[in-house]
Amino acid sequence: MAGGVFQPVVPVGGYAGWRFLERTMVRQRAAFDAAPAGARDADHFRARIGRIGSAAELVADRRLLRVALEAFGLEADIDARAFIRQVLEGGTLKPQALANRLADRRYADFSRAFGFGDYTVPRTRLSDFPDRILAARAERLFEAAVGARDPALRLALGGRRELAAIAARDVTDTAGWLNALGNPPVRRLFETAFGLPAGFAAVDLDAQVATMREKARAAFGDDRIAAFAEPARMEALVRRFLFRAEAAAGTLAPGPAANALFLLRAASPG
């Protein structure tokens, strides 16, 4: 614990580190949440957010805005207040809304959660709103703390969480894959797991979806995004991602993990 904030314990990287995190997650999260980073900002959010009735009011309070953005992994945009205000005021109910036209689907989730552009009374006035936003923020802050130890593990944690939500949505399979491609952590999870090149994102979007389906079918026997709602298939994806990420970083030592990666590569078309 440094400066009163619990630092996650990650004694080893890669898939071994992932398994350690899974075994110790409940205990580590409890310790992290008991001494949370940014506790004063969280207290400020809880005390003030119920009185915020517009996007303009939210972006005018930097502390409130920081917490709001951290809950959706968008904290890097803290200084883009005019843009954030547009995203929030446009809502998500109209197809032409700014949030719906952005490639990064986290903005739509962000705008939908606050409801400034969609409802006469925004969701900030709901009694459970602070709890839901702060819980999402705490989860992402823990992931960021893990990422300070091992960036690939942060991507695995965030990608798994985001993909689980996408896989559970009642949308067409194409829409589900588009949502996955529009979510940066999930996109990185798939691109690395499938060994796709750095320029893959520049390919035509329909071709990207077709490639993802082909790779998923070859690797997991199912090309539906909803298939990743199954824990075993999700775990297989994360394992594949971490083996490839570790190999790309040049840190995969000889042993069972290296042998597994060799077999994974041999079984993967392309």
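What are the extents of the Cα atoms of the chain along their three principal axes, listed from largest to smallest and rounded to whole Å?
Cα spread of the chain along its principal axes, largest to smallest: 57, 46, 29 Å.
Per 5 Å bin, what is the whole-percent P(r) computed from every C-alpha pair distance within region 64-187?
Once binned at 5 Å, the Cα pair distances of region 64-187 give 2, 11, 18, 23, 22, 16, 6, 1, 0.
Please state the charge dipole magnitude for the chain, taken about the Cα centre, from unit charges on C-beta atoms (+1 on K and R, -1 on D and E), reported in debye and rounded to the nearest 20.
Details: 39 positive and 31 negative charges, 69 e Å.
Computed charge dipole of the chain: roughly 340 debye.
Bins of 10 Å, beginning at zero and ending with the bin holding the largest distance: percent of Cα pairs per bin for region 2-84, please.
The percentages, shortest bin first, are 16, 34, 28, 19, 4.
Fully extended, how many nm does the chain gain between ALA103 and ALA249 (0.36 nm per residue separation, minus their Cα-Cα distance)? Don't jump to the answer; show the numbers that get you there.
Working: separation 146, 0.36 × 146 = 52.56 nm, distance 2.79 nm.
Residue separation times 0.36 nm, minus the Cα-Cα distance, leaves 49.8 nm.
What is the sum of charges, Lys and Arg at +1 and Asp and Glu at -1, for the other residues whose Cβ falls under 10 Å from the Cβ of PHE190?
Details: positive: ARG187, ARG188, LYS215, ARG240; negative: GLU191.
Combined, the nearby Lys, Arg, Asp and Glu give +3.
Going by alpha carbons, how many degrees (0 to 90, nearest 10) lie between the helix axis of 81-90 and the longest principal axis of the chain?
90
If one computes the Cα centroid of region 186-247 and of region 64-122, what distance in Å separates the two points?
27
Could you line up LYS215, LYS94 from fewest to most neighbouring Cβ atoms inside 10 Å?
Least to most surrounded, the residues fall as LYS94, LYS215.
Per 5 Å bin, what percent of the C-alpha pairs of region 39-133 does each bin hold, from zero upward?
Result, from short to long distances: 2, 15, 27, 28, 18, 7, 2, 0 percent.
A short reminder: the numbers here are calculations on the coordinates, not readings from a lab. Everything numeric here is computed off the predicted structure, so don't read it as measured data. Note that each Cβ is placed from the backbone with ideal geometry, even for glycine, and that neighbours are counted across all protein chains shown.
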